[in-house]
Amino acid sequence: MRRLLLTLETPAANLALDEALLDQAETEGGEYLRLWESPRPIVVLGRSSRVDQEVDVGACRGRGISILRRASGGAAIVAGPGCLMYAVVLSYDRRPAAHGIRQSHTYVLERLAAAFRHHLPTVAHVGTSDLAFAADAAAAVGGSSVRKFSGNSLRVKRTHFLYHGTLLYGFDLSLISACLRTPPRQPAYRDERAHANFVVNVPLSNTEVQQCVLAAWPAKDELNDWPRARVEQLVAERYGRNEWNLG
């Protein structure tokens, strides 16, 4: 596995790079880990999300927050400073335990959860694709003290899959309530809580969060030949177009 610690200049290019790495793995093989962090707030819809159902478009426009759409599933998220974004591109041949949608979620998130437990013992994979933690061990299996700090999504191709998500550590959480509506689909453990009572920053530094990801996905070699031309193509054809982002 090779790693890429790289934030590109535009939100569209950053989203395109995750997909471009998946495309490169499909044609050339290999596995990748990428870490990046948007320098300004953005809203990112899931591939099948409906803008009017999940996003307060007026609030986003009033704050100058761009709305984009990713290639993977799931609901809309808000990212920006204080939200580390990670992506892993993994081979099905090398990781047969990850075959299947449910198995992919479990395979990735259990590894991440185990790495974060070195700092926070109650971190767990909950719902379909969340990481959450509780303030005390007694509340770890349920209750209002269990709060989400990571949402994740999946994009599957023939030989590889892309798994990527958010890791909140110092994010302005008020932006989530301001920009997002109540999601149309909720995990049972949310118990209909509002965003402000459900989502939380993990009490770790950026460096500590990165170390957890790198512990879960050891990648000693740097990726220097990332797919620049494919990123430009994807931005021109998809991520830079309102027809894709808002359609």
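Assorted remarks:
- Per-peptide average of other Cβ atoms within 10 Å, ordering 9-15, 50-56, 188-194 highest first: 9-15, 50-56, 188-194
- Sequence-separation-based contact order of the chain, relative, with Cα cut under 8 Å and 6+ spacing, percent: 27
- Counted by Cβ distance under 9 Å from Val200, the other residues give a net charge of +2, where Lys and Arg count +1 and Asp and Glu count -1.
- Of the residues Met85, Leu45, Leu33, the one whose Cα sits farthest towards the positive end of the charge dipole of the chain is Leu45 (charges of +1 on Lys and Arg Cβ, -1 on Asp and Glu Cβ, taken about the Cα centre).
- Residues in the stretch 144-165 that a label on Ala188 would reach, taking backbone N under 19 Å of a point 7 Å out along Cα→Cβ: 144-148
- Within the stretch 61-123, trypsin sites (Lys or Arg not before Pro) in DSSP loop having at most 15 other beta-carbon neighbours inside 10 Å: Arg94, Arg117
- Summing charges over all other residues whose Cβ lies under 12 Å from the Cβ of Leu8, with Lys and Arg as +1 and Asp and Glu as -1, gives -2.
- For Gly73, the shell of other residues with beta-carbons less than 15 Å away shows a net charge of +4, using +1 for Lys and Arg and -1 for Asp and Glu.
- Lys220 paired with Arg111, simple spin-label distance in nm, labels 7 Å along Cα-to-beta-carbon: 1.7
- Extension gain, His119 to Glu28: 0.36 nm times the residue separation minus the Cα-Cα distance gives 29.1 nm.
- Ala229/Thr207 FRET efficiency (R0 25 Å; Cβ-Cβ; nearest 0.05): 0.15
- Distance (nanometres) between label positions extended 7 Å along Cα→Cβ at Lys157 and Asn242: 3.0
- Cβ charges +1 (Lys, Arg) and -1 (Asp, Glu), total dipole of the chain, debye: 360
- Estimated inter-spin distance, Gln53 and Ala196, nm [label 7 Å along Cα→Cβ]: 2.6
- Mean residue ellipticity (222 nm) of the chain, computed from DSSP H runs ≥ 4 via -39,500 (n - 2.57), nearest 500: -8500 deg cm²/dmol
Laboratory data are not the source of any read-out in this text; all were calculated from the coordinates shown. None of the values given here were measured: they were computed from a predicted structure. Reconstructed Cβ throughout: ideal geometry from the backbone, glycine too, with neighbour counts over all protein chains shown.
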